[in-house]
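Have a look at the structure below, then the notes.
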Amino acid sequence: MTKEFSSHRGHGKTATQTATQSVVQSAAQDDENKCEISTIGETVRRASFYHGLMPRHDIEPLLKKDGDFLLRKTEVNGATVLALAVRWNGPVKHFMVNQSDKDSYYFETHHEKSVIDLVEWHMKTKTPVSTTSGAKLLKPIDRPPWILNHDSIKTIKKLGEGAFGEVYMAELTTDKVSIPVAVKTMREEVSRDSRLKFMKEARIMRKFHHQHVVQILGIAVHEHPLMLVMELCLGGSVLSYMRKHKGKTTLETKLRFVLEASSGLAYLEEKSCIHRDIAARNCLLTEKHAVKISDFGMSDERKTLTDERLDKVPVKWLAPETMQNKIYSSKTDVWSFGVMAYEIYSDGGEPYPTLTNIQTRAKIIVQNYRMEMPKDVPPAVVTLVSECWAKEPENRPPFSKIHERLLSEYKKEHGDPKDREKDKDKDKKEDKDRDKKEDKEKDKDDEKKEKRESKKDEVKDSLTKKEKKERKK
């Protein structure tokens with residue numbers, strides 16, 4: 001009998017969990033009985049209804065009517081198996097593909113030489129996958145366009161390290177068109193929990209379409225490493241930009257960075273997304289220096305969240321209620337935004353520069369301490385940041401109001417930011433010209449240094465020759 005299985009965990013074992021355990025235990029007795037990753041061949045990978053290593057959260061909404069089905073890889077009690085998902089009589093049911101020791105595949109009693117042949121036989125004959133469920137395979141559901149093939153992605157160079165793997169500049173080719181992209185990879189050896197977090201980040205990002213939020217282009221899940229493909233932001237992070245151009249970034253540019261970040265965050269607030277890691281390092285710049293909110297690895301779609309794990313979080317960006325009670329909300333993001341504004345206006349300075357994490361926590365909670373913004377920050381921005389750092393979360397403004405006020409300040413000082421779109425190319429050219437000038441000055445300094453060294457060598461040579469002549473005499 002084919003056993004329907006469930007990967008949900010709980011303290012007590014349900015009937016489906018007991019069935020799962022018995023299936024996996026019996027399969028574990030003989031390696032040939034397990035449909036491991038290595039046995040999933042090209043015919044399965046090429047099948048339009050094969051969705052790779054996709055979790056239930058992502059695939060179940062795709063199955064809308066009874067008989068809708070797809071294939072996917074999943075993990076059951078540590079074993080990676082091939083599973084069939086079918087919507088039948090309401091809920092989605094999941095069935096493991098069994099492999100016999102004679103290299104045939106089956107759900108219940110009927111065997112076929114390949115997985116695809118098995119699926120096609122059940123479709124043609126309308127034979128239920130299992131007699132117990134009665135589930136029939138009526139319509140295969142194709143992969144959505146955001147599930148990408150690994151062979152469409154070519155990594156070019158490593159950009160850095162992510163939480164679960166490396167980040168690369170890459171090239172994505174779809175429909176004979178190639179575009180530059182950023183790719184976040186996941187190491188094969190990471191835990192199932194880490195993999196689910198990686199998938200959750202991709203799932204959250206797919207819902208966002210905004211000019212100041214990094215756009216996800218898709219994920220590749222057919223093989224390892226798993227890949228999350230995003231638009232490429234060639235300008236690097238706001239933090240690295242501010243530090244590279246320390247003392248040279250205009251107040252107008254700083255205000256624009258803060259304004260554009262608030263625009264992206266107001267959009268996330270509207271979508272009920274808590275980012276939980278707002279900082280200058282997590283805001284990227286496009287080639288034209290537009291700000292994009294990035295890194296949704298800690299993000300959540302709940303209005304309020306309690307997370308006991310504070311061991312790896314950046315303490316100096318946390319709101320008091322997070323430090324004390326591990327609470328996150330859109331209001332804790334507002335607090336972090338205030339800290340990011342300090343980073344931008346201090347040219348990438350470290351928040352609470354003279355304090356350790358422990359000292360920062362004590363001063364904020366016990367002494368109600370707040371940083372002073374740099375002296376050249378516009379008064380309206382200073383006032384706004386102080387409100388972002390209100391002790392009580394309900395007294396902090398929402399991002400919608402923050403954006404309104406920053407937009408008003410920008411218009412008052414610099415005109416409509418829409419007009420600035422025309423000037424972004426000019427800004428980029430000015431930055432390049434400035435960098436070239438700095439490089440030329442450095443080259444001149446190096447040239448002068450070489451000449452001085454050369455003269456020193458000439459003097460040494462002449463002294464050496466003089467000494468030799470005197471010795472001969």
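Key figures for this structure:
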{"read-out": "Pairs with Cβ under 8 Å, 6+ apart, first in region 401-413 and under 11 Å from L255 (Cβ atoms), second buried (at least 18 other Cβ atoms within 10 Å of the Cβ) and among the polar types (S, T, N, Q)", "value": "L406/S262"}
{"read-out": "Within region 385-409, considering residues that are part of a helix (DSSP H, G or I) and of a type in the set (A, V, I, L, M, F, W, C), the one nearest to the chain's Cα centre (by Cα)", "value": "F399"}
{"read-out": "Listing of strands (runs of 3 or more DSSP E) fully contained in region 67-147 that carry 3 or more residues being closer than 30 Å to L172 by Cβ and either free of Cβ contacts under 8 Å to residues at least 24 places away in the same chain or aliphatic (A, V, I, L, M) (or both)", "value": "68-76, 79-87"}
{"read-out": "Test: G247 is assigned by TED's automatic domain parsing to the domain that holds E409, crowded, with 21+ Cβ neighbours inside 10 Å and among the small types (G, A, S)", "value": "no"}
{"read-out": "Residues of region 151-161 classified as closer than 24 Å to H51 by Cβ and either more than 18 Å from the chain's Cα centre (by Cα) or without any contact (Cβ under 8 Å) to a residue 40 or more places away in the chain (or both), total", "value": "4"}
{"read-out": "Region 163-212: number of residues that are within 17 Å of the chain's Cα centre (by Cα) and either among the β-branched types (V, I, T) or outside the structural domain of E223 (by TED's automatic domain parsing) (or both)", "value": "6"}
{"read-out": "Of all residues in region 337-367 being among the small types (G, A, S) and surrounded by fewer than 24 Cβ atoms within 10 Å (Cβ to Cβ), the one that is nearest to the chain's Cα centre (by Cα)", "value": "G348"}
{"read-out": "Residue count for region 176-199, restricted to those that are closer than 15 Å to V229 by Cβ and among the charged types (D, E, K, R)", "value": "1"}
{"read-out": "Residue that is farthest from V238 (Cα to Cα), among those in region 187-223 that are of a type in the set (V, I, T) and in contact (Cβ under 8 Å) with a residue 40 or more places away in the chain", "value": "V221"}
{"read-out": "Hits in region 378-393 (condition: crowded, with 18+ Cβ neighbours inside 10 Å and without any contact (Cβ under 8 Å) to a residue 60 or more places away in the chain)", "value": "L384, V385, C388, W389, A390"}
{"read-out": "Enumeration of residues in region 164-219 that are among the polar types (S, T, N, Q) and either under 29 Å from F257 (Cα atoms) or not in a loop (DSSP other than H, G, I, E, B) (or both)", "value": "T173, T174, S178, T185, S194, Q211, Q215"}
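The values are calculated or read from the model by the stated rules, or taken from the named source; none is laboratory data. In this text the structure is predicted, and so the values were computed from the model without any measurement. Positions of Cβ are backbone-derived with ideal geometry, glycine not excepted, and every protein chain shown enters the neighbour counts.
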